[in-house]
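Have a look at the structure below before the remarks.
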Amino acid sequence: MSLIVAKLGSSTLVDQAGNLRERVMAARAADFARLRRDGHRVVVVSSGAIALGFGRLGMNDRPTALPDLQAASAVGQGSLIQRYERAFAEHGVIPAQVLLTSADLERRDAYVNARNTLHRLLSLGTVPVVNENDTTSVDELAFGDNDVLAAQVAILLGADWLVLLTDREGLYGPGVDGPELIGQVPAEVSPDDVPLADMGGSGLGRGGVASKIAAAGMATRAGVTAAVASGRDDGIVGRIVAGEAVGTRFAPRRTGDSAFKLWLRYAKPSMGSVRVDDGAARALRDRGTSLLPVGVVGCDGGFSAGDAVEITDAGGGLTLGKGIVQLSADELRQVRGLKTDDVRRRLPGAAAAVVHRDQLVLFADGPAP
């Protein structure tokens with residue numbers, strides 16, 4: 001049976017006045033409970049806290065200032081999980097609230113702990129309900145939107161499915177007589193290369209077509225099948241998992257990357273970049289070597305040892321991969337282009353490699369979204 005991460009968008013759950021669409025939540029809770037009875041494991045990534053909160057606070061429109069967004073989330077999150085409690089109680093299911101920030105995923109130990117907690121909640125028979133912890137996150141609510149968070153959770157758990165439920169039937173491309181629903185997107189076609197029609201948006205959430213494409217790209221590169229479909233159609237997730245031709249489905253492209261490299265690629269933010277010469281680029285790509293100072297021509301950013309950095313070509317225009325750097329930016333600027341013996345004389349005790357091959361992931365199919 002499948003492990004399914006299903007994301008519900010704000011405009012699906014909440015109307016323009018900031019009121020919960022009770023029928024939609026009740027129907028989706030029934031669907032998720034049915035999937036559980038059929039042996040599937042379900043994790044829900046739910047938007048809606050801010051949309052519920054600004055309605056309750058009497059704001060006419062979704063706020064844009066960070067303190068207002070966080071205040072709306074603080075009010076709305078409690079209401080949201082209470083509604084889930086009531087909806088799931090009808091089916092004897094216990095929901096488990098899980099609030100995450102990007103900082104919870106960028107540290108490897110916290111990432112593993114989040115994964116272990118979610119797996120334990122699933123083994124105990126609950127349906128985890130995940131949302132970004134908007135009241136404490138920074139950088140304008142750091143995941144950007146819950147499509148990306150849902151993709152992160154799907155990758156973290158090694159899910160079989162990422163289903164993005166929205167207020168449309170799926171994604172649309174340009175057609176002869178107007179926009180046409182996109183059905184199947186094969187594995188050899190990157191989500192970024194799919195031509196899309198402009199369908200507008202509701203204004204309630206942060207996501208949109210671009211965020212769904214980004215989430216689908218992340219998920220499929222990690223071997224997760226992704227789908228975009230209507231969150232208002234009964235039994236929609238079960239129909240998708242059963243193979244019914246509904247919504248837009250993206251076939252996975254399996255990279256074979258380890259769990260560590262998936263975390264590095266998708267969850268740990270880059271703090272700078274390291275530019276390498278053609279010889280180093282070939283050695284990384286063809287021989288799977290570590291990156292040594294002799295192959296570095298420059299670096300950008302103020303990173304420290306232990307940070308993630310992007311590895312680019314000499315001009316900085318092509319991203320080759322991403323790795324955990326073992327030297328700070330200041331140290332690397334002192335030893336770039338030097339052979340190992342010269343590095344040791346310049347910086348006694350410094351790491352031999354800029355990025356060890358075991359802490360490096362190469363982007364054969366392009367950089368992470």
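Evaluate the following for residue 261: is it under 26 Å from residue 147 (Cα atoms) and touching a helix residue (DSSP H, G or I) at 6+ places or on another chain (Cβ under 6 Å)?
When the stated conditions are applied, residue 261 does not pass them.
Restricting attention to region 307-351, the residues that are farther than 13 Å from residue 272 by Cα and hydroxyl-bearing (Ser, Thr, Tyr) total 1. Determine if region 304-315 includes at least one residue that is hydroxyl-bearing (Ser, Thr, Tyr), outside any loop (DSSP other than H, G, I, E, B) and within 26 Å of residue 258 (Cα to Cα). Within region 304-315, one or more residues are hydroxyl-bearing (Ser, Thr, Tyr), outside any loop (DSSP other than H, G, I, E, B) and within 26 Å of residue 258 (Cα to Cα).
Pick from 330, 300, 286: which is at pLDDT below 95, of a type in the set (Asp, Glu) and not in a loop (DSSP other than H, G, I, E, B)? Of 330, 300, 286, the one residue that is at pLDDT below 95, of a type in the set (Asp, Glu) and not in a loop (DSSP other than H, G, I, E, B) is 286.
Against the test of being under 21 Å from the mean Cα position of the chain (by Cα) and of a type outside the set (Val, Ile, Thr), the options 57, 20, 13, 80 yield a single qualifying residue, 13.
The set of residues in region 268-294 being hydroxyl-bearing (Ser, Thr, Tyr) and either in contact with a strand residue (DSSP E or B) (Cβ under 7 Å, 6 or more places away or on another chain) or surrounded by 19 or more Cβ atoms within 10 Å (Cβ to Cβ) (or both) consists of 270, 273, 290.
Going by what's in this entry, would residue 213 be described as under 14 Å from the mean Cα position of the chain (by Cα), surrounded by fewer than 24 Cβ atoms within 10 Å (Cβ to Cβ) and modelled with pLDDT of 85 or more? Yes, satisfied.
To keep it simple, each residue is scored yes or no on (1) crowded, with 17+ Cβ neighbours inside 10 Å; (2) touching a residue at least 24 places away in the same chain (Cβ under 8 Å).
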residue: 3; (1), (2): yes, yes
residue: 7; (1), (2): yes, yes
residue: 19; (1), (2): no, yes
residue: 23; (1), (2): no, no
residue: 29; (1), (2): yes, yes
residue: 34; (1), (2): no, yes
residue: 46; (1), (2): yes, yes
residue: 60; (1), (2): no, no
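The values are calculated or read from the model by the stated rules, or taken from the named source; none is laboratory data. Source: prediction; values computed, not measured. For neighbour counting, all protein chains shown are included, and Cβ atoms are generated from backbone atoms with ideal geometry for every residue, glycine included.
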